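Engineer: Here you go, one structure.
All of the numbers you see were taken from the coordinates with simple rules; none came from a lab. Treat the numbers as computed from the prediction; the structure is a model and nothing was measured. Glycine gets a Cβ as well: all are built from the backbone with ideal geometry, and neighbour counts include every protein chain shown.
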Protein chains: 2
Amino acid sequence: MTPQGEDFSAWYNELVAKAQLVDRGPARGTMVIRPYGYRLWELLQAELDRRIKDTGHENAYFPMLIPESYLRREAEHVEGFSPELAVVTHAGGKELEEPLIVRPTSETIIGEMMAKWVSSHRDLPLLLNQWANVVRWELRPRMFLRTTEFLWQEGHTAHADEADAMRETMLALDLYTEVARDIAAIPVVPGEKTPGERFAGAVRTYTIEGMMRDGKALQAGTSHYMGTNFAEAFDIRYTSGTGRLEPCHTTSWGMTTRMIGAVIMTHGDDKGLVLPPRLAPYQVVVVPIGRGDQLERTSAAARELADRLKAAGVRAHVDDRAQLSPGFRFNDWELRGVPVRLELGPRDLESGTVVMVRRLGDEGKQSIPVSSAPDVIPGLLEEFQEFLLRRATAFRDGHTAAADSWDVFVEVVASGWASALHCGAPACEDDIKAKTAATPRCIPLDGAAETGRCVHCGEPSAYGKRVLFGRAY
Amino acid sequence: MTPQGEDFSAWYNELVAKAQLVDRGPARGTMVIRPYGYRLWELLQAELDRRIKDTGHENAYFPMLIPESYLRREAEHVEGFSPELAVVTHAGGKELEEPLIVRPTSETIIGEMMAKWVSSHRDLPLLLNQWANVVRWELRPRMFLRTTEFLWQEGHTAHADEADAMRETMLALDLYTEVARDIAAIPVVPGEKTPGERFAGAVRTYTIEGMMRDGKALQAGTSHYMGTNFAEAFDIRYTSGTGRLEPCHTTSWGMTTRMIGAVIMTHGDDKGLVLPPRLAPYQVVVVPIGRGDQLERTSAAARELADRLKAAGVRAHVDDRAQLSPGFRFNDWELRGVPVRLELGPRDLESGTVVMVRRLGDEGKQSIPVSSAPDVIPGLLEEFQEFLLRRATAFRDGHTAAADSWDVFVEVVASGWASALHCGAPACEDDIKAKTAATPRCIPLDGAAETGRCVHCGEPSAYGKRVLFGRAY
Ligand SMILES: [Zn+2]
Ligand SMILES: [Zn+2]
């Protein structure tokens, strides 16, 4: 496999295939998510879904095929998505009277239904979520990161006023921040997008940005306050307590299979994937060693150990593929990012021990009593989870610097993120991008109040605080 | 609501809307699955997914857009689906060189990937499952039963030989039978389809058939042995232990959102839905009664009770909508099929009791100590689940009869199922359908050996046992 330092992009492309996460689909930019990759998604999905439900949202399902006219009702929205649409023109053996769009996102069709379902202030807030596939035609596809079809959840909510809708917008951002940090071990930075980077039709767009190991940023989830734009376009109105007809304030927010790409690029190294235990399909792999009768005995012991680990709540797997050497199997599970490997050879059987190897860290090989493994491993996995978050945080902080001059800015964004004052002018953003490939990733929520001169053009700064700039996926 | 006895079809259409299960989508034959309907699906999905995983299958995800040429590779398959396809002809602002089909099912694209993934007998069996949306253009749509887009799981597996593939085919049928019976309380009949009713491209098709309360049959899940048809068309081959290149034997099997329609039509009555507790989004609804201060006190007590029920593993909900009368709320939850209602009025508060009402059964209202509710309710829900299965079984058996003459056959299929000998000729099946609207639903697996004369044409019987005939959804 190409080393990260040589060609990060080649490393990524080779790894997603070799680790059997994904395969190319036949239609342009589509991907097959293989069982190992899909399990990662399922585990992430379960964590996010639980939090979405716990905060009062209900799942529903809306049709994937949307009449073309729906998208035209909100001008900015259709403009934002037009070049990416896939269009069904024929069905049931005939040409359709009105073409149907394969949903690129569902604001329009959900807006249409919200208008039917909301009439009184008692119907608000309406808190919906959908798990679905969406299609956005992709000319420069990249597995997980930019694919023509991807999987996601999309939250769509309607509220009586701006304050309530903004609370919801920030709640969704908080959920994403928490899932990224606590489950994927990615220390994302939550913040607001500058106007030039807003979602099509949104009044405010918030994002969580993670730093990948090549210093680039990845937008790992977004949350949008739509104001009354969609409510006006789709006639989502309610009668207030005083009997007045008012437009709703809506939000939408999404997290996608892109998160798997973020996990790979935040933690992976030249040996392959490194998976946070909370997302790892297998948290522990037990590898029995030996030949013939010996292998049968160590395999039986490995299965017994795996059963005891499972009973302790650990996702354990036994790799007893007799046709493959132990070394090959060790490398395979390192490539596939399993947090802990347990090696079980004939001598371990005699001494009642097992050799424990972490996927990362300085501890090296360690022999522990096999009987204690189910007690020891859960804590070890928690430690490993925390270790990955600490390591990623240190990496992010080590590659982020304040930039108060253009020279420093250029140097910093070559390998990481620059925290800089900016004038807020879209044209100035464009200039910066043309010169450095860096874009404003977000205005961090927790940034300290500060004003001054734009790092690029010298005009007075906007936003009242610094903006984070970086090259991005 | 129209009574079942007057117009079953009108009853169904009104109920799915009034119970807020579903709404019509804008594109022909599409449906919006509302939160209450989607929760039913999620609960069914969780039960089925667990069983699919426990039997060694892995979930994956395959692209929804399939090149048209893929479908043409298996002749029977393309013929079976051609009139139902939705076709993407334009994407990314251009006309596509090759149109893309929105998957009507995924045998072809999964076959293409299996060919890449299988090389040795060690790669077999390959046991995959996918949860996905599919599109089949529907000219006579019916919510949940026949919709242009629906949700399902599709299992796809590859095996070394017929025996192993047939074991898998029957295993999937067993899973479906179990989920229908134990979770949905539908006493389905598992059996084989006659050749005329086989899936496009299959060698053998198995089905589970449930009887709805109008005496019609509903196919609630199917499992197909494909022989080597798809393996030959997609080049899915493996090297055997002796070094020979052999085609795989494949299977596919699916269960869909149609199951929700089956639940509605198996258990519902003139008051509305009747939900089996294992699928009910709310197993218990607590309705506080009173006005003003009283309602505040009973509502607080209702919430406390609901919390204690939740702690006991019961899905409980409090309906404290002050603007609606108790009677309206009682009817609403009867309409929505909640198994048990608990009424909590000011006098109940004083006496420390709660009034318990089952959705069905002869017990009437019953007052129980509020403190005992969390102990009593779980068992009551189990009883209710079993009661529904017994009731549906009695209904099915009461509407199924042996038919050894044509006159009896005609009479029986007018209101239920006929168990009859048949010659097996497709032309004779067509005649029967033209005269009675009944079709062969399946050849039940547990049918006793029997031969004789066809109930319709008098030719010698086929299959060595009786066939179940009925009108069907
Ligand atoms: Zn500037
Ligand atoms: Zn006949």
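Engineer: If you put a point 7 Å past Cα along the Cβ direction, how far is that point for A:GLN366 from the same point in each other copy, in nm, smallest first?
Structural biologist: Shortest to longest, the spacings are 5.7 nm.
Engineer: How far apart, in nanometres, would the label points at B:LYS116 and B:ALA75 be if each is projected 7 angstrom from Cα along the Cα-to-Cβ direction?
Structural biologist: Placing both labels 7 Å along Cα→Cβ, they lie 2.9 nm apart.
Engineer: Another question, then. Per residue of the stretch B:446-457, in order, report the coupling 6.51 cos²θ - 1.76 cosθ + 1.60 (Karplus, θ = phi - 60°) as ³J(HN,Hα) in whole Hz, putting x for Gly and Pro.
Structural biologist: Using θ = phi - 60°, the values come out as 8, x, 6, 4, 6, 9, x, 10, 4, 5, 9, 9 Hz.
Engineer: Against the longest principal axis of chain B, how steep is helix B:107-117, in degrees 0 to 90 to the nearest 10, with axes from Cα atoms?
Structural biologist: 70 degrees
Engineer: Here's a follow-up. Put a label point 7 Å from Cα along the Cβ direction on B:ARG291, then list its distances to the equivalent points in the other copies in nm, shortest first.
Structural biologist: Shortest to longest, the spacings are 9.2 nm.
Engineer: Would you mind checking the tilt of helix A:326-335 against the longest principal axis of the Cα atoms of chain A, expressed as 0 to 90 degrees and rounded to 10?
Structural biologist: Helix A:326-335 and the main axis of chain A meet at about 20 degrees.
Engineer: Looking at the stretch A:8-267, what % of the alpha carbon pairs are farther apart than 27 Å?
Structural biologist: Counting every Cα pair in the stretch A:8-267, those more than 27 Å apart make up 38 percent.
Engineer: Another question, then. With an 8 Å cut-off on Cα pairs and a minimum separation of 6 or more residues, tell me the relative contact order of chain A in percent.
Structural biologist: The value is 14 percent.
Engineer: Take every Cα pair under 8 Å in the stretch B:284-380 that's 6+ residues apart, average their separations, divide by the length, and report that relative contact order as a whole percent.
Structural biologist: 30 percent
Engineer: Note the angle between two axes, namely the Cα long axis of helix B:35-54 and the longest principal axis of the Cα atoms of chain B, as a number of degrees from 0 to 90, rounded to the nearest 10.
Structural biologist: Orientation of helix B:35-54: about 50 degrees from the principal axis.
Engineer: Moving on. Can you tell me the mean projection area, over all orientations, of the convex hull of the stretch B:113-248's alpha carbons? Units nm², please.
Structural biologist: Averaging across all directions leaves 9.6 nm² for the Cα convex hull.
Engineer: Another one. How about A:LYS116: which aspartates and glutamates have a C-alpha closer than 13 Å to its C-alpha, ignoring those fewer than 8 places off in the same chain?
Structural biologist: Correct list for A:LYS116: A:ASP235, B:ASP23.
Engineer: For the stretch B:278-386, state which trypsin sites (Lys or Arg not before Pro) are in a DSSP loop and have at most 14 other beta carbons lying within 10 Å of their beta carbon.
Structural biologist: Counting only loop positions with at most 14 other Cβ atoms within 10 Å, the trypsin sites (Lys or Arg not before Pro) in the stretch B:278-386 are B:ARG291, B:ARG321.
Engineer: Averaging sequence separations of C-alpha pairs under 8 Å and six or more residues apart, then dividing by the length of the stretch A:233-332, give the relative contact order as a whole percent.
Structural biologist: 20 percent.
Engineer: Ok, one more. Step through the residues of the stretch A:244-255 one at a time and calculate ³J(HN,Hα) from phi using the Karplus curve (6.51 cos²θ - 1.76 cosθ + 1.60, θ = phi - 60°), rounding each to whole Hz and writing x for Gly and Pro.
Structural biologist: The phi angles translate into 8, 8, 10, x, 6, 10, 10, 9, 8, 7, x, 9 Hz.
Engineer: Let me ask something else. What distance in nm separates the two pseudo spin-label positions at A:ALA163 and B:GLU97, each 7 Å out from Cα along the beta-carbon direction?
Structural biologist: Placing both labels 7 Å along Cα→Cβ, they lie 5.9 nm apart.
Engineer: At most 15 other Cβ atoms within 10 Å plus a DSSP loop assignment makes a site exposed; report the longest stretch of chain B without any exposed GluC sites (Glu not before Pro).
Structural biologist: The longest uninterrupted stretch comes out as B:7-362.
Engineer: Also, quick follow-up: For peptide A:28-41, compute the average count of partner chain beta-carbon atoms within 10 Å of each residue's beta-carbon.
Structural biologist: 5
Engineer: Oh, and also: Nearest 500 deg cm²/dmol is fine: what mean residue ellipticity at 222 nm does the protein assembly as shown get from its DSSP H runs of n ≥ 4 alone, each adding -39,500 (n - 2.57), divided by its residue count?
Structural biologist: -11000 deg cm²/dmol, from helical runs alone.
Engineer: While we're looking at this one, here's another question. Which residues in the stretch A:211-247 have a backbone N closer than 12 Å to a point placed 7 Å from the Cα of A:SER9 along the Cα-to-Cβ line?
Structural biologist: none
Engineer: I'd like the mean, over residues of A:93-104, of how many other protein chain beta carbons sit within 10 Å of each residue's own Cβ.
Structural biologist: For this peptide, the per-residue mean of nearby foreign Cβ atoms is 3.
Engineer: Need one value for B:20-26: mean number of C-beta atoms belonging to other chains within 10 Å of its residues' C-beta atoms.
Structural biologist: Mean partner shielding for this stretch: 5.
Engineer: How many nanometers, to one decimal and shortest first, lie between the label point of A:LYS435 and those of its other copies, if labels sit 7 Å from Cα toward Cβ?
Structural biologist: 8.9
Engineer: Report the charge-dipole magnitude of the stretch A:373-473 in Debye, nearest 20, computed about the Cα centre from +1 at each Lys and Arg Cβ and -1 at each Asp and Glu Cβ.
Structural biologist: 260 debye
Engineer: Follow-up. Straight-line reach from B:LYS433: which lysines fall under 16 Å, measuring Cα to Cα and dropping same-chain residues less than 8 apart?
Structural biologist: Partners within reach: B:LYS193, B:LYS216.
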